[in-house]
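The values are calculated or read from the model by the stated rules, or taken from the named source; none is laboratory data. Owing to the predicted nature of the structure, the values given are computational and were not obtained by experimental measurement. Using ideal geometry, Cβ is built from the backbone for each residue, glycine included, and neighbour counts are taken over all protein chains shown.
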Amino acid sequence: MMEIESMIRMAGRVRVIHFFTHYVESKAACWVAIYVTDGSMLGFHC
């Protein structure tokens, strides 16, 4: 079994209805467990 953890962070400006501008920051962390011999996914959680 092989476990992989990944984290992503995105930040930037978002324009709503071409009038309002907001600064937005988003983060996500994910965990994936893969069975190495046949490549099947054992678990996934974000």
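Of all residue pairs spaced 6 or more apart or on separate chains, those with beta-carbon atoms under 6 Å, a first member in the range 1-26 that is hydroxyl-bearing (S, T, Y) and a second member that is at pLDDT 90 or above are S6/C30; T21/R13; Y23/R13; S26/M10. Answer yes or no as to whether T37 is assigned to a strand (DSSP E or B), more than 19 Å from the chain's Cα centre (by Cα) and of a type in the set (S, T, N, Q). Taking the combined requirement at face value, the residue does not satisfy it. Among the residues of the range 12-45, which ones are more than 30 Å from M2 (Cβ to Cβ) and among the polar types (S, T, N, Q)? The answer is T21, and nothing else.
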